[in-house]
1. Within region 1-43, can you find the residues that are touching a residue at least 24 places away in the same chain (Cβ under 8 Å), in a helix (DSSP H, G or I) and surrounded by 14 or more Cβ atoms within 10 Å (Cβ to Cβ)?
2. Only one of L59, L103 is in a loop (DSSP other than H, G, I, E, B) and free of Cβ contacts under 8 Å to residues at least 60 places away in the same chain; which?
Amino acid sequence: MDLYSIGEVSARFDVPVSTLHYWESCGLIEPHRRSGWRFYDRDQLYRIALIRTWRETGLLSLDDIAALLGVHGQSDDWRSTVTARIESIQEQVTRLLDAQAYLHHLMTCRHDGPLDECPGFRAGVELPVAKAAQ
């Protein structure tokens, strides 16, 4: 069985050693121990590759990844974790598209001065109503 030191794994994946330690403390990876040193087999390299992919591409949290890997006896259906993340991303996409549309709208202003002095935009901003005294 090929084993790789923590330094080799850190360099191979461009991940700090401290990150590998943290992932181990979270139960996401389980290195072999020899004389107190950590070594990783191909299965653990695969898990590290998955964790990086899920973090970078899927934008999953470590808690989400723990659920996908069934860490700590989590019996949650991993599909529900993925579905929840998809819904969260869709909400973010909607907010970003709304922000983009609003910023494009701002670009249509013909006012030459500061935008906060534009009569058209000032008219479109609602001020909060004073609360009634109790």
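Taken together, the values in this text are just the output of simple stated rules run on the coordinates, not laboratory data. All of these numbers come straight from a predicted model, not from anything done at the bench. With ideal geometry, Cβ positions are generated from the backbone for all residues, glycine too; neighbour counts draw on all protein chains shown.
1. The answer is I6, V9, F13, L20, W23.
2. Working: L103 fails: in a loop (DSSP other than H, G, I, E, B).
Unique residue meeting the criteria: L59.
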